[in-house]
Structures are given as structure tokens and as C-alpha cells.
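Chemist: There's a structure below that I have some questions on.
The values are calculated or read from the model by the stated rules, or taken from the named source; none is laboratory data. Nothing here was measured: the structure is a model prediction, and the numbers come from that model. Virtual Cβ from ideal backbone geometry, glycine too; neighbours counted across all protein chains shown. Surface accessibility is based on the protein's heavy atoms, side chains included, excluding ligands, DNA and RNA. Shrake-Rupley method; radii C 1.70, N 1.55, O 1.52, S 1.80 Å.
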Amino acid sequence: MDINNPGPATVDFPFPFQPYPIQERFMRELYRVLETGKIGIFESPTGTGKSLSLICGSLAWLRNFEEKKRQEEARALSVGETENKGGQEMDGHTAAPSSDPDWITQFLSKKEEMDVKNKIKEDQLRRKKREERLEQMRHNGQLKFASKRKNMCVNDEVRRLGTAQLINDRCMEMQKNKHEKKTEEAEVKKRRVSRPSCPFYSYEQMQFLRDEVFVEVKDIEQLVTQAREVKACPYYASRYAIPAAQVVVLPYQMLLHDCTRRASGIKLKDQVVIIDEAHNLIDTITGMYSSQVTGAQFCQAHSQLAQYMERYRSRLKAKNLMYVKQILFLLEKFVGALGGNVKQNPNYQKVPQEGTTLRSINDFLFYSQVDNINLFKVQRYCTRSMISRKLFGFMEKFRAADVGLAVKESTKPGGLQQFLQNLHQKDCSEVAGVQEAGENGQTRTASPLMQIEGFLTALTNANQDGRVIVQLQGSVAQSSLKFLMLNPAVHFAEVLKECRSVIIAGGTMQPVSDFKQQLLISAGLSPDRIVEFSCGHVIPPENILPIVICSGPTGQQLEFTYQKRDLPALMDETGRILTNLCNVVPGGLVVFFPSYDYQKLIMDHWEKTGLTKRLAIKKKIFQEPKKASQVEQVLSEYSRCIKLCSQSTGPLRGALLFSVVGGKMSEGINFSDDLGRCIVMVGMPYPNIRSPELQEKMSYLDHTLPKTNGVAAGRVLIENLCMKAVNQSIGRAIRHRDDYATIVLLDHRYSRPNILGKLPQWIRSSTEVKPAFGPAYASVRKFFQLKKTISMSPT
């Protein structure tokens, strides 16, 4: 083996403690994938140190890669010097005939060698200067403090705006104010009010803070604190640090959105990209490149832009005026596609007929009569001119009634005039649809044109890659146009093409067929470049009991299909199962229902039958709150109840928490130890197959992807969406090596091989299928009796 190119087996990983064997295997496989330039799908259960293994494994590779690069540079310089010396000696003894063209070839060869050498020397010199500067800052306290987004903004005046869009818009405006030249006409100057610039947008101070970022790794809070001390913008200082950085940590939405990535100065050529917590990657990309705009937003944007055009018509260049008119034409036609008229109040315009229609991109462009407009040029104009930001500033400046209306006043009540007045008076938040509250509680209305720009950009996708959904409901204001991205691979393809290697990692990546087919192979990636790695859990096998229960205590088959789940007999049987489980499960028992509607239905039924009271005698009942702000309080009370019950000898044996799959507690919440000794999954959370979006996605996959074991790709998608949600929910339990829990799957359909095969490997390998409830109950009771015996035995 080449000692300058160590293989994974000989690598010393910088782990902070002795790694578990599965962590060692994870890092070695990661190293091998990076070294060979492959695309890896890595699955490691939560609680196994996945993120730490990703960091240590990748940094070990980076360290060795950089060392090998330095050695190759030194070797190249050394070889070049030797060749030059030899060449000079030969020139002293042998003279080539002047008519021989070899001297040209020799000259060009030497020039190429010198160019390479000079490039290497420049890189080395630049690297040396940076390292010397950072070393100075590490040891020189005087030098370190000589100059003494939304999350990174340190300008309190701007932060008071509260929301990301308003903060970003004001930030861009203040930068412009700082740099723009005073070339306005005298008459304008007289009326001009002084516009503020940001005191933290100082190039020198931001460069200083950039170097501070390199001296020591800082989290966002530390970076913001440092930025306040040196009076520099931490966001832009971080952006200045990107070109010289070896490791850049950022939200993967910023990485995957092409425009945002380019604006941030992130280049992917020959880079390594590691995407952690990637179980929602497909949904994230689909959501980023999908767009929805209401009729009210179209009307508001048309009104604002018409006012803007009328006020600045004399100052707009002919080409810019042409594009503004084209945007107004597009907005008018889009409202017309909803059955409305921009000159009338959209609240009072009833749609001709309610319903949902799906159209291809080209079909929609013809339907809305805008097929003669070059959307690529309009989109480019919007980007370069920043018209949405200018329109926002315009509306902020002329928020009062001094802006003249762009249309003639209507004498009819409820006309456009009244609608616009309502907008200015901020009395119809349901119309604007884009109102945002700042920190001081005041409501601010942002221009919807930026969101419309996203819709225009979406319409420039290839015809086969998306659909336009025309949703007509109630009034024109409530109706909407939605672009649905069907092919997320088209936007992931550039990442795969540019990067040396891409790692897609998560605690629950099953079923991985979605990632392989919809993201990788559909993007043109060869299957032999894809590497899959899945490791077990750090817990011993006896610490988990996954069990499929096919029928209840009275023999009622458990099948929570849409046709059967509302049957009283099935809801009663579910209650009996939970009552029995409460008798043997200590601490916390978490129940996941397939939807909020079904949770309400079954709990209302239990309330009538008295089952809720019987359950409350055994465990205190908690429910997932409706508001996200109340989650922490409910979890705190749930945890406190379990702790108190474990310390008392009263009748309560812990707590019972009712949650919903895909809800606030199915992701990101840890039910470790006594908080989640048993996770119960009621039924299978299949998505709504009647959804037009889902039906279109299924149809698209059926036409573009091959069958899997004779099953159409659309059907596979439905199963995968269901099991992905299940895996995320049941993965809330068992968070460390000494943790233990049971996972109870209530539905006989879980026993089917194709469903079992989509459970995570560490759960699937221990899963027991019980056709009858008696043996299942006995297994659960024995599991916890054994754990109780072990905990009581002396160490």
C-alpha cells in the first residue's frame, strides 16, 4: 500500500473517545467513499454518534488529502528543477539545428511546466500568509481586539422588523444607500430624505471578523457576540470566509438552491458535500422548487407595480419599462386564469366553478395566454433589476395615501378602489396573505412580487418536470396557482456532476429506493457509483422488542384502512390493547395516530365509552398540542409526571402521550429512557391518495421509472411515504447504549414481507410478528419484567 495514500484500515480517526465498533466501521466506509469519489447513502440510528462519526471520518480524510496534496506539489517542484538543470547541461553540449521545430515543442513544454510551478508557488505563498496572519491573531491579544441573517443580523434597528424577508430587504436597501452616488436631479434632492446605511457594513471590520472566524471555530451566538464587539456584520464576514475555508457548515436548503448557493459564493467543483439529516431531502428539494400564489397576491402585486410604473415612468429606461409592462400583463393573465379581473376586488369575485385542474407547463402558458412572453428574459430582468426589492421599498416609503392609484376610481362599492384602501389600512390580512409581524407586534405588509418571481422561475422548468395546479375555491382571492415540481433530480444533478463526492446521511434512510431512483439514477448517475451503508444500533439486541400485533384481545383483526378504521369495534379493540399495555409498561407510553382527524375521532369515541377514564387511572394522559409554542410545556409536564410517578407508590404508573405521525412530536423529539419505554403505532399512515398532487406524482413516476418486483413505481411511492413516516416516529425511542424500549405496530399489514423490509435494519432484525394478542402481551410483559430484574440486581 502506498504510504502516501493510506487506506481506511490504517487511518487514525480523531475521535474524542474510544469509538464503538459500528462507529469505526462507519468512519472507514465513509473514508473509502470519499477517497474513491463515490456517492454514499449512509444510515446510522439516532443515538449511535452518527454526526460525530461523519465529522471525524471526513476530517481524517481531509487531513490526509491535504498532506498528500502538499507532497505532490513538492514533488512537482522538485522534478521541475531537476529537469531544468538537466536541460541546461544538454544545451551546453548539444545544439539543435535552427531549422528543427523541436525547439518550439521544448519551449511550450517548459512554459507549461513553469505555469504549473508558478501556480503551485502562488498557492503556497497565499496559504503561508494566511496561516501566519492567523497565528499572529491566536497569540497577540492586542491585534485580536485592536479594532474595538436573520440569525446573524446585529443591527438592532433592522432586527426589530422581525421576519426574514423584511430584514433581508432592509439590509439590501441600506447597502445600496451606502454605495449609491449622489447624481439625482436638484428637484429630487430638495424632497429627498436622508436614507440610513448600516454601520456594521464596514469592509475593514468585516475582513477582521473574517479572520477571527478562522482563528477558532465559533457557533452563531459566539460569532454574533464577537461581531458586536468589533462592529462588523457577521453574515457578510462569514461569506467572505468561504473561499479560504476548508469546512463550511450551512443549511442544506442554502446548498441545494442554485441561486442562493451562487449568491453565497459557494463553489461545488471537486468539493465534498455531506448532507446530514437527509431523510427529507426529496421533499425539501421538491418544496424549494415548487411555488404557490393566491389570487389576492396577484392582484396586490399588480396594483403595487402599476403604481410604481406610473410614478417613475419618466425615469424608467424604455427596456425596463417594457419588462415592467410584461410583468403587469403576466399578472393580469394569471388572475384571468383564476376567473378574475385585476380591476375588481378579488374578495367579491366568485369563481365560475370550484375545483382543481392540473396542466402541463406549456398547456398552462397557452391556457393563460402568455405563451408569447419570454419568461427566461423576464426572470433574468427580475433578478438583475431587483424589482421586487425596489417595489417593497416603494410601498414602504409611500405607505400612506399619498400614492395615486394606477386605475380610475370606481364609484361602485366593493370595487378595486375599496380593495386597495383595505390593503393600505391593513384591514384584510387574509387578502394580502403576506403580512408579517415584527418584534414590537406591529404588522408589516411585504410585497408579494418576490413570491411571484418564484412562480415565474418555476414556469421555466422543462415541460415534463412539473405541473401547474389551478385551484378554484370560493373567491378569486382564495383561489391559487401552484407549481408542483415532479422531478427533483434535475436540480440535484448539478451537485452530483460538480462534486468529487456526495454523502447523504440520516438516522432513518429506509426505504432507500426513493433516494436511489428519484434523486440519483434519475439525475443520470451510474448505479455502480452508488454505495449504501447501514449499521446497527449501539444497544444490545435484548434492549429492543419490536412487535407486530395482528389482532386484539377479543380476536378483532387490526386493519386500520380508510374503510374500516371508523368501526366502533376496531376503536374499542384499540382501547383494550392500550389498557393492557398500560398494566405492564413502566414510565412513558407514546401513541402515534395516522392523522389528527383520526386521533380526534377515536378519542371522542373513548370519551363516550368511558375508556378514557379507565386509562387515566393507570397513566396520566397528555395530548400533542395544537400550537408549536406549547410543545415544550407539554413535554415538560409529561416528563415531570413520569419522574414523580417513579418516585411514588400511588396508582399512577407513568404517563400516556397521544401524538400524530408527521406532527410536532414525530421528528426532532427524544423520548429516551422512561420518556418512551413503549412506542405504539396505530395503523399505517398512508398519504391521501385522492390528492391531485400525489396522483400526478404517481403518474409521473409510473411513466419514468421501472417497476420494482412487478409493482408500479407510483405504488412503491405510496408505500415508501408511509413507511418513511413510520420509521421517523418509532425512531423517537432508544437514544443511547443503555436505553431500552418496545415498539408496537398495530396493524396486520405490517407483517407483510414488503412492508417489514422497509423497517430500519436494526429494528427489522428483532421484529416479532404475533397473530394473536395473548402471546404478544406475554412478550411485552416478560421484556419489562426482565429489565426490572436486571435493574434491581446488585452491580
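Chemist: Sort out for me the strands (runs of 3 or more DSSP E) sitting completely within the stretch 540-652 that have 1 or more residues that are under 26 Å from G731 (Cα atoms) and open to solvent by 10 Å² or more (accessible area, probe 1.4 Å).
Modeler: Values: elements: 544-549, 588-593, 620-623.
The qualifying strands (runs of 3 or more DSSP E) are 544-549, 620-623.
Chemist: Pick from the stretch 500-518 the residues that are more than 25 Å from H703 (Cα to Cα) and in contact with a Gly (Cβ under 9 Å, 6 or more places away or on another chain): which of them is surrounded by the fewest Cβ atoms within 10 Å (Cβ to Cβ)?
Modeler: R500
Chemist: Given the structure, is I285 closer than 27 Å to F455 by Cβ and either among the aromatic types (F, W, Y) or at pLDDT 80 or above (or both)? Talk me through it step by step, then tell me what you get.
Modeler: On the way: closer than 27 Å to F455 by Cβ: yes; either among the aromatic types (F, W, Y) or at pLDDT 80 or above (or both): yes.
When the stated conditions are applied, I285 passes them.
Chemist: On the basis of being more than 31 Å from the chain's Cα centre (by Cα) and open to solvent by 20 Å² or more (accessible area, probe 1.4 Å), does S751 make the cut?
Modeler: Working: more than 31 Å from the chain's Cα centre (by Cα): yes; open to solvent by 20 Å² or more (accessible area, probe 1.4 Å): yes.
It is true that S751 is more than 31 Å from the chain's Cα centre (by Cα) and open to solvent by 20 Å² or more (accessible area, probe 1.4 Å).
Chemist: A follow-up question, please. Check R781 against each of (1) open to solvent by 40 Å² or more (accessible area, probe 1.4 Å); (2) in a loop (DSSP other than H, G, I, E, B); (3) basic (K, R) and name the one condition it does not meet.
Modeler: So the condition that R781 fails would be (2).
Chemist: When you check L281 against the structure, is it hydrophobic (A, V, I, L, M, F, W, C) and open to solvent by less than 10 Å² (accessible area, probe 1.4 Å), yes or no? Let's see the steps before the verdict.
Modeler: On the way: hydrophobic (A, V, I, L, M, F, W, C): yes; open to solvent by less than 10 Å² (accessible area, probe 1.4 Å): yes.
When the stated conditions are applied, L281 passes them.
Chemist: Right, next: Given the structure, is K350 under 15 Å from S480 (Cα atoms), basic (K, R) and surrounded by 17 or more Cβ atoms within 10 Å (Cβ to Cβ)? Spell out how you get there, then give the answer.
Modeler: Numbers: under 15 Å from S480 (Cα atoms): yes; basic (K, R): yes; surrounded by 17 or more Cβ atoms within 10 Å (Cβ to Cβ): no.
Judged against the criteria, K350 is not a match.
Chemist: Quick one: would you say K38 is open to solvent by 50 Å² or more (accessible area, probe 1.4 Å), modelled with pLDDT of 70 or more and more than 30 Å from N670 (Cα to Cα)?
Modeler: On the way: open to solvent by 50 Å² or more (accessible area, probe 1.4 Å): yes; modelled with pLDDT of 70 or more: yes; more than 30 Å from N670 (Cα to Cα): yes.
So K38 passes the test.
Chemist: Ok, one more. For residues that are small (G, A, S) and within 20 Å of the chain's Cα centre (by Cα), scanning just the stretch 702-732, find the one that is modelled with the lowest pLDDT. Lay out the reasoning, then the answer.
Modeler: Taking the stretch 702-732 first, the residues small (G, A, S) are 710, 712-714, 725, 729, 731.
Then keep just the ones that are within 20 Å of the chain's Cα centre (by Cα); that gives 725, 729, 731.
Details: A725: 90, S729: 87, G731: 82.
The residue in question is G731.
Chemist: Take the conditions under 25 Å from the mean Cα position of the chain (by Cα), among the hydrophobic types (A, V, I, L, M, F, W, C) and open to solvent by 30 Å² or more (accessible area, probe 1.4 Å) and apply them to I521. Does it pass?
Modeler: For I521, the condition - under 25 Å from the mean Cα position of the chain (by Cα), among the hydrophobic types (A, V, I, L, M, F, W, C) and open to solvent by 30 Å² or more (accessible area, probe 1.4 Å) - is met.
Chemist: Something else about it: Kindly establish whether Q369 is part of a helix (DSSP H, G or I), at pLDDT 85 or above, of a type in the set (S, T, N, Q) and surrounded by fewer than 18 Cβ atoms within 10 Å (Cβ to Cβ). Even if it seems obvious, please write down each step before you answer.
Modeler: Details: part of a helix (DSSP H, G or I): no; at pLDDT 85 or above: yes; of a type in the set (S, T, N, Q): yes; surrounded by fewer than 18 Cβ atoms within 10 Å (Cβ to Cβ): yes.
So Q369 fails the test.
Chemist: A follow-up question, please. If L472 meets every condition in (1) under 18 Å from the mean Cα position of the chain (by Cα); (2) within 30 Å of L331 (Cβ to Cβ); (3) open to solvent by 20 Å² or more (accessible area, probe 1.4 Å) apart from one, which number is that one?
Modeler: For L472, the exception is condition (1).
Chemist: Exactly one condition in (1) at pLDDT below 85; (2) surrounded by 14 or more Cβ atoms within 10 Å (Cβ to Cβ) is false for I361; which is it?
Modeler: Looking at each condition in turn, I361 falls short on (1).
Chemist: Related question: Is it the case that the stretch 297-311 has a residue that's in contact with a strand residue (DSSP E or B) (Cβ under 9 Å, 6 or more places away or on another chain), closer than 30 Å to Q253 by Cβ, aliphatic (A, V, I, L, M) and open to solvent by 10 Å² or more (accessible area, probe 1.4 Å)?
Modeler: no
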